[in-house]
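Shown next, in structure tokens, is the structure this report addresses.
No lab work stands behind these numbers, since they all come straight from the coordinates. This structure is a prediction, so every number in the text was calculated from the model and none was measured. Counting neighbours? That spans all protein chains shown, and the Cβs are built from the backbone with ideal geometry, glycine included.
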Amino acid sequence: MGVAVKELIAALAGCSVGALAACSTSADTPARARGPDPFAAALFETAATAAVTGRGIRVCRTMAVGIAERDWVRGIVEGASGRQIEVRIVDAGRFPHVLNGVAVTAGALVRDTPSLWTPCL
């Protein structure tokens, strides 16, 4: 896959469904009140999945800490099965986390939804 294609996929994966909701065209209702456009949500899900499902891709995920703090977890994709990816954690972040019942520590293998992860550049 060419560098330009990888950059495009990474850019699409960085978008959020909420930001894409503005793509709806109904002028009488604000975009926030309508909610996410189903087409935009499907496009985001597909792009995000394509960006992170390759074995060996470095991925990052933001994790909430309390009500205002964010922490980054980093890992490498080991594989994909069904609608989930398997990520080997490389950097567990600054705070302790549990992801789908697995303690996030260096070396741990976690299974998660692809759209929650983004390629680390």
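Return the loop-located trypsin sites (Lys or Arg not before Pro) in the stretch 30-79 (DSSP other than H, G, I, E, B) with at most 13 other Cβ atoms within 10 Å of their own Cβ; answer none if there are none. When the trypsin sites (Lys or Arg not before Pro) of the stretch 30-79 are filtered for loop state and at most 13 Cβ neighbours within 10 Å, Arg55 remain. Computed from backbone phi with θ = phi - 60° and the Karplus coefficients 6.51, -1.76 and 1.60, the 3J(HN,Hα) list for the stretch 56-73 is x, 6, 7, 10, 10, 9, 8, 10, 6, 10, x, 9, 10, 8, 10, 9, 9, 10 Hz; x is used for glycine and proline.
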